[in-house]
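Here the structure comes first, spelled out in structure tokens, and everything after it is commentary.
Bear in mind that the values in this text are calculations on the coordinates, not laboratory data. From a predicted model like this one, the values you see are computed outputs, not experimental measurements. Cβ placement follows ideal geometry from the backbone for every residue including glycine, while neighbour counts extend to all protein chains displayed.
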Amino acid sequence: MLDIQAIREDFPLLSHTVHDKPLIYFDNAATTQKPRQVVEKIENGYYNVNANVHRGVHFLSQAATEAHENARKTVQYFLHARSSNEIIFTRGTTESINLIASSFTEGFMQPGDEVIISTMEHHSNIVPWQLQAARKGIALKVIPMNEKGELDIIAYQTLFSEKTRLVSVAHVSNVLGTVNPVREMIDIAHSQGVPVLIDGAQSVPHIQVDVQALDADFYTFSAHKIYGPTGIGVLYGKEEWLDKLPPYQGGGEMIATVTFDKTVFNELPYKFEAGTPDYIGSTALAEALDYVSRLGITEIAAYENELLQYATDKMQSIEGMRIFGQAIHKSGVISFLVGSIHPYDMGMLLDRLGIAVRTGHHCAQPLMQRLGIEGTVRASFSFYNTKKEIDTFIEGIERVRKMF
Ligand code: PLP
């Protein structure tokens, strides 16, 4: 059992008021609030352990390097990766996907080769592939979904051809909350000899992820969505793949030796980490992962699921309510529209009541086209939210509905 009141005290921003109302923060899929422990880690890093990492012989550089490399191990254990060489620090999910799109296409794809993505991808798992399509003439195939917002696994199987080189799909949809059956999807891809990249931006903060049990070839997430700092994230990749892929960016850190004629690249993971890494961010990310681990990801998932059920049940009784995403396996995200009320109007009026929700296309315009709408209102939950907040949210929706 989570002690929600005690947890909330770790998050100073949650006790703020907005428009003279207690803040209700239901925009966790966009970014999460930060516990004191994470903010203090950043402060301590800059005040006490700040020096550029790697290659420094002096005390501070060694201390900073050790903290940074320990953070990598924390991520390794959190994802249950085989080795810390498989953990690449990036700027976030977006950069991780761009890295793979760029390096994988350069290393392993020819014009006409195909990548399979799905209808419910975030733009960051569509546009990087389109950039490569324009540069190298690769093609995209899209897995369709049913009315409940579940991927059509039979159709998925028919998308494979001898030209399929990679599957790249979200573990959890940021709009529908659907938890995709990625283990099964990976098995299907592997049976065709095709590797898989999983966008874990919305899964790692909410459900247990074990990259070895999933047998994912690549897996990505962003620190800021799991109570860590902005500007840093992770790309997990199987060592056998990362070894074979060409580097993404050139510069310091990623080299072993350089002459004007030739450069020998550094070993993993540094081959993919050009330039000074965010060594303060990495330690803050590790602190956030430790925080989540102390609460227990299973306990978090159970509690957030309880919030999801509670909110869904109450919302369904509101007149004119349409919930987008009714998958059997769902995480704590609810996208909805009420009658003909524009999502921006709903979002702005809820904001006047202190309730932060997101409105619009949620960086998933192709999904909106599939749903035949321009956008939704989205409430997304965290372990620090409460049923009482959901009650206030429901009352707020009712108030807005009656105004129209
Ligand atoms: N993928 C999904 C499913 C997301 O929800 C998001 C962010 O909302 C991203 C990728 C991009 O994450 P970031 O902006 O942290 O790189």
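The table that follows gives values for the structure above.
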quantity	calculated
Global geometry of region 226-279, whether rounded, prolate or oblate, following the gyration tensor of its Cα atoms and the 1.5 cut on a/c	oblate
Per-residue Cβ neighbour rank within 10 angstrom, fewest leading, K225, K387	K387, K225
Alpha carbon centroid spacing (whole Å) that separates region 313-335 from region 8-41	24 Å
Radius, Kirkwood style, for region 159-212 when every pair of distinct Cα atoms is counted (Å)	11.9 Å
For region 15-20, 3J(HN,Hα) per residue [Karplus equation, 6.51 cos²θ - 1.76 cosθ + 1.60, θ = phi - 60°, Hz, x = Gly/Pro]	9, 6, 10, 10, 6, 6
Among I390, T105, G56 - extreme Cα towards positive end, dipole of the chain, charges at beta-carbon	I390
For region 66-81 versus region 258-278, the gap between their alpha-carbon centres in whole angstrom	21 Å
Set of lysines with alpha-carbon distance to K238 below 26 Å, sequence-local pairs under 8 removed	K73, K136, K141, K163, K225, K271
Global size of region 31-98 as Cα Rg and Dmax, reported in angstrom	13.8, 37
Cα-based equivalent ellipsoid, region 101-231: semi-axes from gyration tensor eigenvalues, Å	23, 18, 14
Peptides ranked, highest mean first, by Cβ atoms within 10 Å: ranges 2-10, 227-235	227-235, 2-10
Expected 222 nm ellipticity per residue - DSSP helices of 4 or more, -39500 (n - 2.57), all of the chain, to 500	-12500 deg cm²/dmol
Scattering profile of region 332-404 at q = 0.13, 0.19, 0.20, 0.27 Å⁻¹ [log10 I(q)/I(0), Debye over alpha-carbon scatterers]	-0.38, -0.78, -0.85, -1.31
D_trans [Stokes-Einstein, Kirkwood Rh over alpha-carbon pairs] for region 1-69, 4 °C, 1.567 mPa s, µm² s⁻¹	87 µm²/s
Longest to shortest principal axis, alpha-carbon extents of region 123-188, angstrom	35, 26, 20
Spherically averaged projected area in nm², based on the convex hull that wraps the Cα atoms of region 248-316	7.8 nm²
Restricting region 135-187 to GluC sites (Glu not before Pro) in coil, as DSSP defines it, with at most 16 other Cβ within 10 Å	E147, E162
Stokes-Einstein D in µm²/s, Kirkwood radius over Cα pairs - region 266-404 at 25 °C with 0.890 mPa s viscosity	141 µm²/s
Convex hull of region 198-318 built on C-alpha atoms - directionally averaged projected area, nm²	9.9 nm²
Ranking of S168, S173, S203 by count of other Cβ atoms within 10 Å, fewest first	S203, S168, S173
Charged-residue dipole, Cβ positions (Lys, Arg, Asp, Glu), region 75-165 about Cα centre, Debye nearest 20	220 debye
Region 47-174, Rg to Rh (Cα coordinates; Rh as Kirkwood inverse mean 1/r)	1.11
Volume of the Cα convex hull of region 39-294, divided per residue and given in Å³	124 Å³
Where N is the number of residues in region 57-131, Cα Rg divided by 2.2 N^0.38 Å	1.48
Mean Cα-pair separation over length for the chain, i.e. relative contact order, pairs under 8 Å, 6 or more apart, %	23 percent
Debye, to nearest 20: dipole size of region 39-294, +1 on Lys, Arg Cβ, -1 on Asp, Glu Cβ	280 debye
